[in-house]
Amino acid sequence: MINHQLALLKREVWEHRSIWLTPVAIAIVVTLGVLAMLMFASGFAAELDIAIFGAQNIAGDAERQAILTGFFLGTSWLFIIALAILTIFYCLDSLYAERKDKSILFWRSLPVTDAETVISKLITAIIIIPLVTVLGIIATHLVNLIVTSIWVSMKGADGGMLIWGSVALFDNWMAAFIVVLASGIWMSPFIGWFLLVSAYTKRSPLLMAFMPPILIGLLEGIILRTHFFAENVLARGDGLPIFRSADIDNFFDKEEWRVAEGATSLLEHLDVMQFLTSSGMWAGVLICGLLSTGAIYVRRYRGES
């Protein structure tokens, strides 16, 4: 079973190159954007000297860390958006494509069950793609830190202190890992639904995946005058219960108007236990299991076309 799963997971990565090509493309775009920003900033020599002097001699460690954390958050969200789009298209194509190109006949000739195949695709969507995304985030951060520190050093400042000495790498990366993985688990009901649609539909999997939920939400609003489905299903992505409530008043030290100690720690704003004990999370996992079971059943008895 384990050996089969490892082989099937390798198959998914080999067959769906977008799993790793998408983070690479985002990393290249972000790095080119940073280079363009640095080149643009170099055109303002006087203002740049004042900014570097202030960052090096006036701003504290917390202020410098806040700036770099903001940069990390901005680039990380690009990867998360790409992760969501990639996961949707991967799930909808994973079981549909093998029937379309008849490769399902080959895979059914191997000693691999339908359950193992669907589970491998579920693991890929919920775990493998998020992990590859986190690796892309880490690699992008490292490349841009190196580029920025070299640029700062060329301007006569201490790149080691301003850049490497002012960034909480473990805090940023661990927070990215937790949020990305938690997002995959939280959105698992949609992943199970996409796999079920991919296993069943004969054509237009994207349309068949989104049309029924949208129609249900519209009909509920028109006929029942309620919005339960829209608020609890369609808007599920807005309610990830892992973030602590943010209080902007606690971000600054009111007496000195400086960034408060620990305010820029991303891990401080996450509550893993709140997520793990959330009834919404476990209900989502249960629904994902039921929908994935349906995908296994459909794949087993569905025709090859």
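Going by the structure shown, is VAL118 under 14 Å from the mean Cα position of the chain (by Cα), part of a helix (DSSP H, G or I) and at pLDDT 90 or above? Judged against the criteria, VAL118 is not a match. Among the candidates THR133, THR113, the residue that is in contact with a Phe, Trp or Tyr (Cβ under 9 Å, 6 or more places away or on another chain) and either charged (D, E, K, R) or under 25 Å from TRP193 (Cβ atoms) (or both) is uniquely THR133. Tell me, yes or no, whether segment 192-203 has at least one residue that is surrounded by fewer than 14 Cβ atoms within 10 Å (Cβ to Cβ), in a helix (DSSP H, G or I) and modelled with pLDDT of 90 or more. No, segment 192-203 contains no residue that is surrounded by fewer than 14 Cβ atoms within 10 Å (Cβ to Cβ), in a helix (DSSP H, G or I) and modelled with pLDDT of 90 or more.
Residues in segment 67-84 that are more than 9 Å from the chain's Cα centre (by Cα) and hydrophobic (A, V, I, L, M, F, W, C) were compared, and the one that is surrounded by the most Cβ atoms within 10 Å (Cβ to Cβ) is PHE72.
The set of residues from segment 204-225 being part of a helix (DSSP H, G or I) and more than 20 Å from TYR96 (Cα to Cα) comprises ILE214, LEU215, ILE216, GLY217, LEU218, LEU219, GLU220, GLY221, ILE222, ILE223, LEU224.
The values are calculated or read from the model by the stated rules, or taken from the named source; none is laboratory data. Quantities reported herein were computed from a predicted structural model and do not represent experimental measurements. Every residue, glycine among them, receives a Cβ derived from its backbone with ideal geometry; neighbour counts consider all protein chains shown.
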